[in-house]
Amino acid sequence: MIEGDTALPQPVLLINTNVTRPPVSPVGLEYVGEALIEAGLPVRTLDFALTNNWRAALTRELSQEEPLVVGTGVRNTDDCSFVTRKSFLPWITEVTAEVRHLTSAPILLGGVGFSVMPEAVLRFTGADIGIAGDGEEVMPALARCLVNGEDISHLPNLVYRRKGNIICNRRADANPELFPLPRRHLFDNRRYEELGAIVGIETKRGCPQQCIYCADPVAKGAGVRLRPPGTVVQEFRDLLASGVSWFHLCDSEFNQPPTHAKAICHAIIEAGLGNSLHWYSYCSPVPFDLELATLMKRAGCTGINFGVDSLCDEQLSRLGRSHSVEDVQQLIDIMEQTGLDYMFDLIVGGPGETQTTITTTIEAVRKLNVPLVGIAAGVRVYPGTPLSQAVAGGIIREGLHPEKVNRFHEPAFYLSPHLGDDPFELVHELVAGDPRFLLLLSPDEEMSYNYTDDRTLSQMIEEGARGAYWHILSKNPG
Ligand code: B12
């Protein structure tokens with residue numbers, strides 16, 4: 001409870017704005033909401049993904065009781081596809097304006113998308129405050145300050161407006177061992193599963209890898225912070241009890257570090273949950289071994305998405321990856337022995353990529369008989385990454401789309417200028433209709449694996465398909 005307070009403070013309103021289909025459940029909002037409840041602060045929720053008329057729902061909600069603050073989730077800034085470059089920020093701005101029209105409560109943003117580029121998002125959307133990075137510790141502290149009318153400028157992770165400027169406070173990564181146990185009752189996860197979502201759950205936070213393009217160390221921190229396996233198992237149990245059995249781990253890479261991944265699998269197996277759960281995860285190609293793959297399978301893992309990026313060693317090293325093509329060959333052997341379904345994600349068009357390196361990669365996919373491969377052509381340039389630093393430092397001058405990457409709210413991409421006149425045609429020619437290749441295109445294009453409002457995927461889900469979206473698409477007869 002808030003010390004010295006007897007009357008219950010106004011509630012914090014948390015809104016899920018992630019409305020694309022198939023849906024993705026708002027795990028981040030649940031985690032911050034549960035931290036508020038644990039601190040004795042009342043929480044109300046509104047889920048635009050599960051309502052037909054978001055304006056009416058918002059008006060109804062805000063006419064009931066003035067909230068302390070309106071927390072609006074920014075799960076994605078855009079779809080990260082070079083082809084579509086669909087930004088979600090105009091949508092968040094529209095929501096922010098409507099909230100502003102209906103209440104004088106401050107508008108607070110947060111979420112993984114927000115954390116990738118907090119300053120740009122706060123500026124663009126017109127919101128008042130944001131939390132960049134972990135929300136569990138700072139959210140209750142912020143709410144307390146707002147209840148007591150205290151200054152917020154000392155709080156870590158806050159981004160806020162002062163005298164026409166945007167101030168970004170220092171980042172402080174929280175320790176998941178101190179988080180309250182998420183009970184996962186704040187949003188309707190069961191309804192999400194009915195609509196084909198695979199419900200998110202974390203076993204750790206942060207990513208120590210140095211991939212030059214990746215936003216995960218920016219949004220989540222480069223230091224890995226582990227959750228105790230017992231609390232992860234309890235969260236699985238609670239979700240199972242609420243009728244959910246399909247999951248996607250929200251770790252950047254489940255196998256970083258492998259010791260923790262194994263400990264999580266052991267805990268699930270020992271709790272007797274291995275046969276009740278179906279879960280998917282992202283993994284990096286190294287470190288990975290047969291013991292881990294076997295444990296993952298026994299613990300209910302149904303499929304793995306490996307961030308392989310390229311099957312050309314020189315390109316892997318330019319992307320800052322620590323694995324080699326030989327490592328990937330060993331990985332394939334392990335996966336074949338275990339019989340777990342998997343896919344590889346590739347990135348085409350990074351710095352130094354040429355027609356030759358792409359051809360080498362696609363040929364290796366066929367030679368190694370990789371069952372399913374997703375290709376993203378064009379690399380998203382995120383602020384705070386080595387790639388964006390190379391752009392800012394003038395090391396990279398060509399290949400930028402748009403040509404000037406200075407307003408990060410517009411999705412900006414790098415595509416190697418050494419790929420001929422039509423890099424997309426080149427990729428199409430190389431994959432030549434081979435159904436094992438999915439491409440990051442517009443959601444409804446043939447072979448696309450852009451999950452934001454993909455009708456084929458939604459249709460397959462409506463007909464009963466379940467699982468990770470790549471897994472469902474891999475079974476698409478068309
Ligand atoms: C797992 C995952 C998926 C799974 C989701 C499965 C599931 N059930 O969750 C799948 C494969 C479906 C997927 C799809 C997509 N994904 Co994805 N995904 C992730 C991943 C790995 C985890 C996201 C997550 O839930 N994290 C865990 C939660 C707890 O973290 P969090 O949201 O940050 O929450 C914390 C704080 O931010 C804060 N917080 C959260 N919400 C709020 C709200 C308020 C008001 C406040 C104050 C605080 C707050 O508190 C939380 C606890 O500390 C991230 C990368 C990463 N490592 O995070 C990419 C990531 C989010 N995805 C990304 C993208 C691009 C997509 C797609 C658009 C790809 C596509 N074109 O299809 C789709 C979007 C689908 C959709 N409708 O959202 C990008 C987004 C980048 C961006 N520019 O915004 C990321 C960052 C990957 C990357 N590095 O590029 N994804």
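The values are calculated or read from the model by the stated rules, or taken from the named source; none is laboratory data. Please read these numbers as outputs of a predicted model, since none were measured by experiment. Note that each Cβ is placed from the backbone with ideal geometry, even for glycine, and that neighbours are counted across all protein chains shown. Surface areas here come from the heavy atoms of the whole protein model, side chains and all, with no ligands, DNA or RNA. Shrake-Rupley method; radii C 1.70, N 1.55, O 1.52, S 1.80 Å.
The residue list 97, 127, 105, 172 contains one member that is under 21 Å from residue 384 (Cβ atoms) and either out of contact with any strand residue (DSSP E or B) (no Cβ under 9 Å at 6 or more places or on another chain) or more than 10 Å from the ligand (Cβ to nearest atom) (or both), which is 172. Within the set 373, 431, 427, 379, the sole residue that is open to solvent by less than 30 Å² (accessible area, probe 1.4 Å), in contact with a helix residue (DSSP H, G or I) (Cβ under 6 Å, 6 or more places away or on another chain) and under 21 Å from residue 357 (Cα atoms) turns out to be 373.
Condition first: farther than 30 Å from residue 233 by Cα, more than 14 Å from the ligand (Cβ to nearest atom), modelled with pLDDT of 95 or more and not in a helix (DSSP H, G or I). Can you find one or more residues in the range 130-146 that meet it? No, that holds for no residue. The lone criterion from (1) closer than 21 Å to residue 79 by Cβ; (2) in contact with a strand residue (DSSP E or B) (Cβ under 7 Å, 6 or more places away or on another chain); (3) buried (at least 20 other Cβ atoms within 10 Å of the Cβ) left unmet by residue 400 is number (3).
Out of 361, 357, 385, 302, report the one residue that is polar (S, T, N, Q) and open to solvent by 20 Å² or more (accessible area, probe 1.4 Å). Can you show your working first?
On the way: 361 fails: open to solvent by 20 Å² or more (accessible area, probe 1.4 Å); 357 fails: open to solvent by 20 Å² or more (accessible area, probe 1.4 Å); 385 fails: open to solvent by 20 Å² or more (accessible area, probe 1.4 Å).
When all the criteria are applied, what remains is 302.
Residue 446 fulfils the conditions (1) within 23 Å of residue 117 (Cβ to Cβ); (2) without any contact (Cβ under 8 Å) to a residue 60 or more places away in the chain; (3) over 21 Å from the mean Cα position of the chain (by Cα) except for a single criterion, (1).
Residues of the range 237-260 that are more than 24 Å from residue 132 (Cα to Cα) and near the ligand (Cβ under 10 Å from one of its atoms): 246, 247. Consider the range 447-464 and keep the residues that are open to solvent by 30 Å² or more (accessible area, probe 1.4 Å), in a loop (DSSP other than H, G, I, E, B) and out of contact with any helix residue (DSSP H, G or I) (no Cβ under 9 Å at 6 or more places or on another chain). The one that is nearest to residue 80 (Cα to Cα) is 453.
Could you run through the range 218-231 and say how many residues are in a loop (DSSP other than H, G, I, E, B) and either within 16 Å of residue 134 (Cβ to Cβ) or within 12 Å of the ligand (Cβ to nearest atom) (or both)?
Going through the range 218-231, the residues in a loop (DSSP other than H, G, I, E, B) turn out to be 221-224, 227-228.
Within this subset, residues satisfying the condition of being either within 16 Å of residue 134 (Cβ to Cβ) or within 12 Å of the ligand (Cβ to nearest atom) (or both) are 221-224, 227.
Here the count works out to 5.
Note on the range 257-277: residues that are farther than 30 Å from residue 324 by Cα and either of a type in the set (Val, Ile, Thr) or in contact (Cβ under 8 Å) with a residue 60 or more places away in the chain (or both) total 2. Looking only at residues of the range 108-124 that are outside any helix (DSSP H, G or I) and open to solvent by 10 Å² or more (accessible area, probe 1.4 Å), we find that the one that is nearest to the ligand (Cβ to nearest atom) is 110. So is residue 149 within 23 Å of residue 8 (Cβ to Cβ) and under 20 Å from the mean Cα position of the chain (by Cα) or not? It is false that residue 149 is within 23 Å of residue 8 (Cβ to Cβ) and under 20 Å from the mean Cα position of the chain (by Cα).
For the structure I just gave you, tell me whether residue 234 is away from the ligand (no atom under 12 Å from the Cβ), under 19 Å from the mean Cα position of the chain (by Cα) and open to solvent by 40 Å² or more (accessible area, probe 1.4 Å). When the stated conditions are applied, residue 234 does not pass them.
In this structure, is residue 170 free of Cβ contacts under 8 Å to residues at least 12 places away in the same chain and either among the basic types (Lys, Arg) or surrounded by fewer than 16 Cβ atoms within 10 Å (Cβ to Cβ) (or both)? Break it down stepwise before answering.
Numbers: free of Cβ contacts under 8 Å to residues at least 12 places away in the same chain: no; either among the basic types (Lys, Arg) or surrounded by fewer than 16 Cβ atoms within 10 Å (Cβ to Cβ) (or both): yes.
Judged against the criteria, residue 170 is not a match.
The combined condition, being free of Cβ contacts under 8 Å to residues at least 60 places away in the same chain and open to solvent by less than 50 Å² (accessible area, probe 1.4 Å), is not fulfilled by residue 149.
Only strands (runs of 3 or more DSSP E) wholly contained in the range 9-73 count here; list those with 1 or more residues that are open to solvent by 20 Å² or more (accessible area, probe 1.4 Å) and closer than 28 Å to residue 196 by Cα.
43-47
Those residues that are among the aliphatic types (A, V, I, L, M) and over 14 Å from residue 18 (Cα atoms), I need them from the range 80-112; list them, please. Let's see the steps before the verdict.
So in the range 80-112, the residues among the aliphatic types (A, V, I, L, M) come out as 83, 89, 92, 95, 97, 99, 102, 105, 107-109, 112.
Residues satisfying the conditions are 83, 97, 99, 102, 105, 107, 108.
Out of 29, 89, 14, 46, I need the residue that is closer than 26 Å to residue 379 by Cα, under 21 Å from the mean Cα position of the chain (by Cα) and within 12 Å of the ligand (Cβ to nearest atom). Which one?
Values: 29 fails: closer than 26 Å to residue 379 by Cα; 14 fails: closer than 26 Å to residue 379 by Cα; 46 fails: closer than 26 Å to residue 379 by Cα.
Just a single option satisfies the conditions, and that option is 89.
When residue 275 is tested against (1) farther than 19 Å from residue 300 by Cα; (2) more than 13 Å from the ligand (Cβ to nearest atom); (3) open to solvent by 40 Å² or more (accessible area, probe 1.4 Å), only condition (1) is not met.
Taken over the range 238-249, the criterion of being surrounded by fewer than 21 Cβ atoms within 10 Å (Cβ to Cβ) and not charged (D, E, K, R) is satisfied by 240, 241, 242, 243, 245, 246.
Taking every residue in the range 199-216 that is closer than 24 Å to residue 184 by Cα and pairing it with any residue that is of a type in the set (Lys, Arg) and buried (at least 23 other Cβ atoms within 10 Å of the Cβ), at least 6 positions away or on another chain, the pairs with Cβ-Cβ distances below 8 Å are 205/220; 206/220. Only one entry of 78, 134 meets the criterion of being of a type in the set (Asp, Glu) and surrounded by 23 or more Cβ atoms within 10 Å (Cβ to Cβ), and that entry is 134.
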